[in-house]
1. Describe numerically, in nm with one decimal, the distance between label points set 7 Å from Cα along Cα→Cβ at R203 and at D376.
2. Starting from the Cα-Cα distance between A260 and L311, subtract it from 0.36 nm times their residue separation and give me the gain in nm to one decimal.
3. Please work out whether the stretch 190-269 counts as rounded, prolate or oblate from its C-alpha gyration tensor, where a ≥ b ≥ c are the square roots of the eigenvalues and a/c under 1.5 means rounded, while otherwise a/b larger than b/c means prolate and anything else oblate?
4. I need the P(r) histogram for the stretch 46-130: all alpha carbon pairs, bin width 10 Å from 0 out to the longest distance, whole percents.
5. Where a ≥ b ≥ c are the square roots of the eigenvalues of the C-alpha gyration tensor, would you call the stretch 49-463 rounded, which needs a/c under 1.5, or, failing that, prolate if a/b is larger than b/c, or oblate?
6. Please report C216, C118, C320 as a ranked list, fewest other C-beta atoms within 10 angstrom at the top and most at the bottom.
7. Each residue of the stretch 412-429 in turn: what ³J(HN,Hα) in whole Hz from Karplus with 6.51, -1.76, 1.60 and θ = phi - 60°, glycine and Pro shown as x?
8. Loop only by DSSP, 14 or fewer other Cβ within 10 Å of the Cβ. Give me the trypsin sites (Lys or Arg not before Pro) in the stretch 392-464 that pass, ordered by residue number.
Amino acid sequence: MGFVLSVLYFITNYLTPKVLFGPLAAYRIELILALLIALVSLPQLKASIPLKTSQSLALIGLAIAVFMSVLVGMGWMGGSVTAILSFIPNAFGYFLVCLHCNSKRKLQVLVGTLVLVCLFVMANGALDLHRGIPEGPPISPESGSVDYNLWNADHPYLYPMQNETGQWFYRLRGQGLIDDPNDFAQLLVCVIPLVLIFWRQKRKLWNLAFVVLPVCLLLVGIYLTHSRGALIALAVVALLLARRRIGTIPAVLLACAIFAATMELQFAGGRDISISAGADRTALWGASLQLLKTHLVFGVGFGNLPEYLGLTAHNSVAVCAAELGLFGLFFWCLFLFPTLRDALTVASPGKISEGEAMAIKTEPVPGPGKRSETIDKIEINHLGRMMVLSLAGFLAGGIFLSRAFVMTLFVLGGMTEVVYSLALDRKMIVPRMRLARVAMYSAIMAASLMIILYIGLRTVNILQ
């Protein structure tokens with residue numbers, strides 16, 4: 001019951017209650033669903049994964065940081081409550097994955113759900129393009145600028161934009177959590193490696209139907225978003241994937257070749273990808289660091305950066321630091337560091353022993369009864385590499401996106417810990433790192449990210 005409701009929760013949040021439930025969305029179906037899941041989850045909370053991970057403490061700390069950032073940075077108690085209520089549904093995703101998606105079969109259902117969400121958005125956008133769209137969005141007679149309200153009502157899955165030559169082009173997007181083309185592209189990049197969970201040895205037809213074909217469709221989706229950040233993230237994923245098979249230097253050359261080919265195919269919709277083209281974004285990064293100096297501890301307030309800069313910073317680290325201060329950045333790293341460490345550990349053959357390839361009883365979905373699930377060292381390594389690639393895609397895209405607190409990150413964190421627990425249950429891996437060490441390394445990570453961001457900005461300024 002909890003697993004089915006959790007899957008429904010993810011679908012509702014990614015596709016929006018309005019799309020899924022129509023007029024019933026007015027009754028706050030997503031809130032009712034969350035409360036129902038919370039009640040169902042209470043009996044499973046004892047001895048569950050969330051109580052054993054540093055990430056749970058990190059999310060509590062982040063919730064406090066969100067609350068304090070608005071209370072102190074903006075001096076607004078009511079806004080603090082609103083901010084924390086907008087943060088919790090995303091963070092809730094981590095706990096749902098850990099509690100209810102705690103087997104490989106359930107992870108497969110979750111990945112399949114994310115794939116179907118992506119295909120649903122792609123199908124709606126493709127149908128809109130097929131029906132034909134005007135040469136440019138409608139112009140409001142009052143303001144003389146684009147009437148986005150009218151456009152969004154008629155074309156909810158397409159975002160209009162002009163390239164450097166003034167030509168209009170249209171970018172695929174979703175709604176709700178993925179209503180920006182870059183957000184949707186980042187989700188697509190993360191889901192592509194996850195599709196590898198369906199890979200089966202010596203099953204060519206199966207792999208063609210359930211791995212190769214979905215990956216090709218998702219790549220088409222990335223192209224239709226015309227996201228420059230997604231292109232770079234995709235190149236990073238390709239580099240990491242190829243590096244293990246052909247070596248570092250050939251993998252770098254391959255990634256560069258893919259990047260060059262996609263640029264020739266007008267992947268970015270005719271927009272340039274260069275230091276000069278990204279000058280506006282790096283300027284926002286620098287301005288965010290300047291704000292951090294005057295709001296060091298709790299930041300300027302969750303979601304309040306546009307009030308200072310006119311735009312968000314288009315960098316997840318800069319946004320996290322500027323909006324939540326060093327207090328919030330520490331807890332963000334307290335979530336990110338153990339997630340990356342655990343993913344890299346389960347992906348490393350040298351850190352996984354043969355253990356006990358035992359069969360653990362798991363409930364299939366759907367259907368009554370229980371079936372055995374046998375997972376060996378090779379399978380654990382495969383799942384670990386899948387998570388490393390997906391996290392790498394998310395973080396590479398996050399360099400150019402302000403997406404430090406989105407549900408996708410917390411879902412990936414939960415999936416990583418489920419895989420780690422599968423290895424722990426079979427005695428294939430050492431226990432998780434102690435909280436004291438995780439906290440120390442997370443503080444070092446937070447400081448390192450600030451230093452790297454500062455050095456990167458200085459380097460870009462010199463090159464410009």
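Values quoted throughout were computed directly from the atomic coordinates according to the rules given, and no laboratory measurement underlies them. Computed from a prediction, not measured in an experiment: that's the story for all the values here. As a convention, Cβ positions derive from the backbone with ideal geometry for all residues, glycine included, and neighbour counts pool all protein chains shown.
1. Simple spin-label model gives 1.6 nm for this pair.
2. 15.4 nm is the gain from fully extending A260 to L311.
3. Oblate shape, in that a/c is at least 1.5 and b/c is the bigger or equal ratio.
4. Calculated P(r), rounded to whole percents: 15, 28, 26, 23, 8, 0.
5. Verdict is oblate for the stretch 49-463.
6. Lowest to highest Cβ neighbour count: C216, C118, C320.
7. 5, x, x, 4, 4, 6, 5, 4, 4, 5, 4, 6, 5, 4, 9, 6, 8, 8
8. K427, R434
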